[in-house]
1. Using a 1.4 Å probe and ignoring any ligands, DNA or RNA, find the accessible area of A:HIS121 and quote it in Å² to the nearest 10.
2. Can you check what the net charge comes to around B:PRO242, using other residues whose Cβ is under 14 Å from the Cβ of B:PRO242 (Lys, Arg +1; Asp, Glu -1)?
3. Over chain A, calculate the relative contact order: mean separation of alpha carbon pairs under 8 Å at least 6 apart, over the residue count, as a percent.
4. Relative to the Cα centre, what is the charge dipole magnitude of segment B:198-425, using +1 at the beta carbon of each Lys and Arg, -1 at the beta carbon of each Asp and Glu, and rounding to the nearest 20 debye?
5. When each pair of different Cα atoms in the protein assembly as shown is counted once in the 1/r mean, what is the Kirkwood radius in angstroms, to one decimal?
6. If ligands, DNA and RNA are left out, what is the accessible area of A:GLU118 with a 1.4 Å probe, given in Å² to the nearest 10?
7. By how many degrees, between 0 and 90 and to the nearest 10, does the Cα long axis of helix B:395-421 differ from the longest principal axis of chain B?
8. Zone of B:GLU67 (label point 7 Å along Cα→Cβ, backbone N under 17 Å): which residues in segment B:159-190?
Amino acid sequence: MQLDLINFTKRFGDTTVIEDMSLSVSSGEMIALLGPSGCGKSTTLFAICGIHRIDQGQLMFGGKDVAHLPSQSRNVGVVFQNYALYPHMTVAENIAFPLKVQKMNRTDREAMVRRYAELVHIEALLERRPAQLSGGQQQRVALARALVRQPDFLLLDEPLANLDAKLRLEMRSEIRRLQQETGLTAILVTHDQVEAMSMCDRIALMNGGRIVQYDTPTSMYERPENDFVASFLGNPPISFVSGAGLGQSEARVARYGIRPEGFGPQFGSALSGRVTFVETQGREDLFDVSLTNGEVLRSIQPAGSGIRPGATVQWGVAQDKLLRFDQDGRRL
Amino acid sequence: MRNVNWLGLAFLSPALVMVTLFFLLPVVLTGFFAFTNMSTATGVTGGEYLLNSASLRRLQNEGLPQEVLAKLEAGGYRVDAAGLAALAEATTPATAQELEQLHGAAEFSDRRDMERALKDLLDNRIRRTRDRKEAAELFKRSILNERFATEAAFRAALSETGTRTAYAEQITTAAYTGWVWTTKNVELLFALPSTLRYAANTTLYVTLTLAFNVGFGLFLAITTFYLPKGQGAAFRAIWFLPRILPPVLYVLMWRWFTWDTGFLATVTGYFGISPKNWMLDTSYHAWTVVVLINGFVGASMGMIIFSSAIRAIPTSMLHASEVDGASRWQQVRWIILPQLAWPILFITCYQTLSLLTSFEYILLATDGGPGRATEVWSLAAYHTALNNYGGNLEYGLGAAFALVLVVIGIAASLIYFRLFNFKRLITKPLIEG
Ligand SMILES: Nc1ncnc2c1ncn2[C@@H]1O[C@H](COP(=O)(O)OP(=O)(O)OP(=O)(O)O)[C@@H](O)[C@H]1O
Ligand SMILES: [Mg+2]
C-alpha cells in the first residue's frame, strides 16, 4: 500500500520538531529514515502510526487520509527500539495480542501465532517469557507481533540498535527477507548509514526536522545533494579539501569532496603528502594523508602496502569521482 | 572483627530498643494480661482479702455447705479498742471506759449477751433498746466485710470463726480481691454469642472496606493516569486530602454530613423525607458510612501506590498495545492490570492487617452502634478493656480479644511473607523500557 506524508508539521509546545515534510513510499518498498540523533526520525514514525498527533499536513494510506484516525484503527505494525514486549505474557501471548484484541477465536489465533513464529524462527520459544530471551530472540518476537496482524505498513524504530555486531548483521538480512517475503511496505528508522544502505530500496536522509535528500542508496552515495549528505553516507567518511590543497580551481567551486576510494597511487601522483595515520582493517588499510597546505585526505587501499606513518607519498585523485560543492554546500 | 560487630549493634540499638518497647513488649503484655482476670475491681497490682455478700454468693454457687456459710456470716462480738473508740464517739467516753473496765477483751458469741453487757453497765447504762442495739453493732466482729492486707491475717481471722480447715483454701481464694491467672477469658471468648457477632462484623468490615479501597484506588489511579498530567495530579491531591486530615476532624465532617440536622437530612428534607440521623438510623446506613469513611481514606493509599506503579510501566509498552489495536479498556485489562498484580497484592495484604486492628474511625463515627451493629473485634477489645459503660474495665478479657488479633496478624504476616518471597513476583523482567 502506498504511503504519502504531505506537508507534515509536528510541534511539541513551542518547538517545531518537524517542519513541512513530505514523503512518499511506494507499495512494497522499504525505505530508511536516516539521520543524526534528534533529527525527528522517531517523531515521524510515531506520527505515522498514530502515537503522535499530526499538527499540520496529511497522512495518506493508499490515498485515504488517516491523520484523524487513532492508532488502533490504522493497521500499522511497529517494532519499537526496546521491543516493548509485554513482560507478563509468554512469547505466544505476546504474538497473539494484536489478534486477541480483535477478538479472533482461539484456534485461528494459535494457527497464526505458529505461522509467524515459524517465519521468524522462534517456534521453540513460544512458552517462554520475554525476560528469558536473548536480545535477538526478543527482536524476532517483536517482529512476529508486528507482522501477525498483517499490517498495511511495517514501521521499525532502530530495531538493530540493541544488538551486538554479529547479530545485527544477521537480523539485517532477516528483516529484509521478511519484508520481501510478505511484500510489506516498510519504513526503517536508523542512524546507521550502513544499515540504511544495505537494507532499503530508498533512503530519506533527515537533518533538523527536514528531509535533505530522498533517493536510492547508490545515487545518494554517488550524487549527494549537498555536503551534509556526502559526509553522512560512506564509511570511512568523505574528506573535503579546498581547490588550493588539490592544486586546481574551477568557477563557483568552494570545496571538493573526495571519498577514500577515490584517492591513491592508482590515480596518478599529482599530490604529495605525508602519511599521518594508518589504520589496519584486515583486508584494507586506511590512511590519513596530510597535504602540503595542511588539509587531510583519506585513502583506503588493499592491505600490505607497507606504508608507515611519517612516510611521504605521491598519490592522485580520481577526477571522475570528484564531488564539487559551492559556497552553500550544494553540489554542482 | 569483634569491634565491627559491636559498632553495628550500637548503631542498631535504638531500633532494637524501639522494637522491643513499642512492638515486642505490648505483644508480650497482651499475652500476659489475656490469661489473667484483671479488671478495675482487681487492679493490676496484688490485692487484699475480703469476704462480702458477693463472694459468699459465689461460694454458695461453688457448693460450700450452708452451715459453713452461716458461720462465716454469723461472727461474734468482741470488746476491743476499735469498738470502744467507736462507742466513745457514739455515746460518752465514760460509757466506753466503764465497759472496758467490766468487759475489756471479752467475747460474746451471741448478740443478746453483748446487749446484756451494755445494759448492765452500772453508771452509764444504755437504757433504750434501740441505742443498745446500735451500740452492740459496734462490737460485731465478723470476718465479713473486713479487709485483710495479707493472706496470713485472713487465714487467722478465718480460723477464729471456727470454719473447718477443709474449706479454708476455697474461702481464701474466693476472698482474694487481686488478679489471678485464669484461662476463663479464652473460654469466655468461645462461649459468648457476642464474640461470633464481632467476628462476623469484622469479616464484613474488612471485606467491604478492602474491596472499596482497592477497587476505588485502582479506579482513581487508572482514570487519573489517562487525564492530562496537571489535572491528574490535582485529582489525586484532592483524593489524598482525607488522609492528611486529622481523623477526628474528618469523621466530624461525616457526622455533620449525616446528622439529623446535617447536610443529608436537609437535602432529603426538601423531598419530604423527615429528618433523621442518616448514619445511625439503621445498621445498613451505619455500615455504609463506616465503609465509606474508611474506604475513602484507604483508597488514597492504594491510588498513590497504583499510580506510581502504572507510571513505572514503560510508555513504549502502552504505545505498542495501542498500535496493536487495543482499546483503552483492553489496554487496562491486558496490559496495565496484570502489571499491577504485585502492588494490588501488597495493598490487599497491608490493608487487611491494618483494617483488622484499626477501629478509630468506627469509634469516632458510630462507636459500634446502632446497638452493636458495627462493633468490630478491635473495637470490642477497646470497649472491654478500656472504655465501657458498666465502669468495670475488664483488662484481661480485652487482652484476650486483642490476643486473637495478634495471633491472626502474625499468622497473616507469615503467609504474606511467603507470598512476597514468591520468585515470579519479585524478579524484575530483564527487558526494560
Ligand atoms: N515529547 C516531546 N516533547 C518535546 N520535545 C520532543 C518530544 N519528543 C521528541 N522531542 C524532540 O524532538 C526532536 C526529535 O526527536 P526524535 O525522537 O524524533 O529524534 P530521533 O531522530 O528519533 O533521534 P534518535 O536517533 O536519538 O532516536 C528532538 O530534538 C527531541 O528533543
Ligand atoms: Mg528515535
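1. The accessible area comes out at roughly 110 Å².
2. Working: positive: B:ARG236, B:ARG243; negative: B:GLU360.
Residues near B:PRO242 contribute +1 overall.
3. On the way: 687 pairs, mean separation 55.3, N = 332.
It comes to 17 percent, rounded to a whole number.
4. Values: 12 positive and 8 negative charges, 146 e Å.
For this selection, approximately 700 debye.
5. Details: mean 1/r = 0.0277 Å⁻¹.
Mean inverse Cα-Cα distance, inverted, gives 36.2 Å.
6. 90
7. The angle comes out near 20 degrees.
8. Once the point is set 7 Å along Cα→Cβ of B:GLU67, B:161-168 turn out to lie under 17 Å by backbone N, inside segment B:159-190.
The values are calculated or read from the model by the stated rules, or taken from the named source; none is laboratory data. Source: prediction; values computed, not measured. Cβ coordinates were reconstructed from backbone atoms using ideal geometry, including for glycine residues, and neighbour counts include every protein chain displayed. When the accessible area is computed, the model is the full protein with side chains, heavy atoms only, and any ligands, DNA or RNA have been set aside. Shrake-Rupley method; radii C 1.70, N 1.55, O 1.52, S 1.80 Å.
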